[in-house]
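Before any comments, here is the structure.
The values are calculated or read from the model by the stated rules, or taken from the named source; none is laboratory data. Keep in mind the model is a prediction, meaning the values are calculated, not measured. So basically every Cβ, Gly included, is an ideal-geometry build from the backbone, and we count neighbours across all protein chains shown. Just the protein is used for accessible areas: all its heavy atoms, side chains included, with ligands, DNA and RNA removed. Shrake-Rupley method; radii C 1.70, N 1.55, O 1.52, S 1.80 Å.
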Amino acid sequence: MSMILVEHLRKEFSYYRKATGLKGSLHNLFRREALVKEAVRDVSFSVEKGEMIALLGPNGAGKTTTLKMLSGILYPTAGKVEVGGFIPWERKDAFKRRISIVMGQKNQLWWDLPASDSFYLNKCIFGVEDSVYRQVVEELADLLDVRELMNVQVRRLSLGERMKMEILAALIHRPEILFLDEPTIGLDILSQQRIREFLKEYNEKSQTTVILTSHNMADVKALCRRAVIINQGQLVYDGSLSDVNRVLGDRRLLSVKLSEPVKAESLRRFGRVREQEETRAVLELSGSRVRETIGAMFAELPVEDFTVTEVPLEESISIFYRKEAAMP
C-alpha cells in the first residue's frame, strides 16, 4: 500500500484583473473581470513507505501548491489524495502527528527565543513523552552537530544553523512523512552538504517517507532516485533520475583532445559541436553512435585522447521544464 496516493489532483485559484489608475479602480468597483488560474492540473502519482522522491519543476509549476494540498494546508478543487491513510484537508489530529513540513523560506521557530524553547513547545503540542523527547533531541542534535547552539537565540544563528534547527523542530514527534520545500535555499556549500548527509542518514535509519522540492540539483542527485516533474501544473515525467536522459534520446557528450587544430566542418560530421577551442572540442551525439563515432574520428582526425559522459542532469531536466506536453 502506498504511503502517499495522488489521483487526478487539481487546484484552481480565482482572482480579478486589476486595471491601472484611478479610472481603472473606479471601473473595478462596478465591473470586475474574473479570472481562474489552474495551479495544478490532473496530477497523479504515488509514493511508497520509506521512499524519498524529488518533486521538481520551474518557478510557478505548482510544486509548493501540491505540497500544501498533501499536508492539508490547501483544499483541492478536485481529485483524490491519501497521505498515510488520511485525507489531508480533514486535518485530523492523528494525521498531523504523522506528517511534518519544512519550508525553506518560512520560519516555525520563535525568533527571540532559543531553539530549545521551540523544541519544547513542539513536544507539548504533539504530546511527546519526556523520555522520548530527550532521546530524539539528543540524537538529532548530534547528527546535525548543533548541540552547542540550542540555547542561543534563533535570531543570532546563521542561516545554515537556523535551517538545521528548523529540521530538528520538524522531527521532534518522529513523523512518518516529511515534506521538504527548498530546505537548502540560500545556504553555503558546506551547510548544504551537511543537511543532505543528515537527511540521507535519517531516511535510511527511520524509513521516513520524504517528498523534496528543490532547484538545487546537488540535493536531488544526493538524496533521490526518483523524480516527479511538474510543468504548468501538469505531470510531464515520473520515473528514475537515471532514466531522464534516456527518455530524451540517450545523448552523450564526447570530449576529444587533438594533436593539432581542425576545422569545425570536420567535427560537425560526427555530431553537434557544443564547444571548440584550439585542440579541444566537445560534441553531442546519440548514445547508440558513440562507439561508431569514436572509431571514425580516430581514423580521420588527429585524436590524442577522449572521454564520454552523459549530458548533465540539470540540462536534461531543463528540457522537461520547457515541455508543455504530458509525460512521454
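For region 152-283, evaluate the Debye formula with one uniform point scatterer on each Cα (no solvent term) and list log10 I(q)/I(0) at q = 0.11, 0.12, 0.16 Å⁻¹, rounded to two decimals.
Computed log10 I(q)/I(0) values: -0.62, -0.69, -0.91.
Run the accessible area of the chain with a 1.4 Å probe and give the carbon-and-sulfur part as a rounded percent.
The value for the chain is 49 percent carbon and sulfur by accessible area.
Name the residue farthest towards the positive end of the dipole of region 71-118 from the options L113, V102, S71, assuming +1 on Cβ of Lys and Arg, -1 on Cβ of Asp and Glu, about the Cα centre.
S71
Quote the convex hull volume per residue of the chain, based on C-alpha atoms, as a whole number of Å³.
Details: hull volume 71.3 nm³, N = 328.
Roughly 217 Å³ of hull volume per residue.
Under a Cβ-Cβ cut-off of 14 Å, what is the net charge of the residues other than L285 that fall near it, where Lys and Arg count +1 and Asp and Glu count -1?
Around L285, the charge tally is +3.
For region 167-243, divide the Cα radius of gyration by the Kirkwood radius and give the resulting Rg/Rh value with two decimals. Present the calculation step by step, with values, prior to reporting the outcome.
Details: Rg = 13.1 Å, Rh = 13.5 Å.
Across region 167-243, the Cα-based Rg/Rh ratio is 0.97.
Roughly how compact is region 1-129, stated as its Cα Rg over 2.2 N^0.38 Å to two decimals?
Dividing the Cα Rg of region 1-129 by 2.2 N^0.38 Å gives 1.39.
For helix 290-300, report the angle its Cα long axis makes with the longest principal axis of the Cα atoms of the chain; keep it between 0 and 90° and round to the nearest 10°.
30 degrees
Got a number for the accessible area of S286? Probe 1.4 Å, square angstrom, nearest 10.
For S286, the solvent-accessible surface is approximately 40 Å².
Could you sort Y120, Y75 by their accessible area in this structure, using a 1.4 Å probe and putting the largest first?
Y75, Y120
On each of the three principal axes of the Cα atoms of region 241-328, give max minus min coordinate, whole Å, ordered largest first.
46, 22, 19
Which pairs break 20 Å Cα to Cα here: K63/K106; K63/K221; K92/K123; K11/K200?
Exceeds cut-off: K11/K200.
Helix 115-126 versus the longest principal axis of the chain: what angle, 0 to 90°, nearest 10, using Cα atoms?
70 degrees
Given charges of +1 on the Cβ of Lys and Arg and -1 on the Cβ of Asp and Glu, with all other atoms neutral, how large is the dipole of the chain about its Cα centre, in debye to the nearest 20?
Working: 48 positive and 46 negative charges, 286 e Å.
About 1380 debye.
Note down the net charge around L74, summing +1 for each Lys or Arg and -1 for each Asp or Glu among other residues with Cβ under 10 Å from its Cβ.
+2
Angle check, please: helix 189-206 long axis (alpha carbons) against the longest principal axis of the chain (alpha carbons), in degrees 0 to 90, nearest 10.
70 degrees
If the reach is capped at under 19 angstrom between alpha carbons, list the lysines near K205, excluding any in the same chain fewer than eight residues apart.
In chain and number order, the partners are K49, K164.
Using unit Cβ charges (K, R positive; D, E negative) and no other charged atoms, how large, in debye to the nearest 20, is the dipole of region 67-131 about its Cα centre?
It comes to approximately 340 debye.
With charges only on Cβ, +1 for K and R and -1 for D and E, what is the dipole size of region 1-67 about its Cα centre, in debye, rounded to 20? Let's see the in-between values first.
On the way: 11 positive and 7 negative charges, 123 e Å.
With only Lys, Arg, Asp and Glu charged at Cβ, the dipole is about 600 debye.
Across all directions of projection, what mean area in square nanometres is found for the Cα convex hull of region 68-146?
If I average the Cα hull's projected area over directions, I get 6.7 nm².
Which aspartates and glutamates have a Cα lying under 12 Å from the Cα of K68, excluding residues fewer than 8 positions away in the same chain?
Of all the aspartates and glutamates, those that pass the test against K68 - Cα under 12 Å, at least 8 places apart if same chain - are D181.
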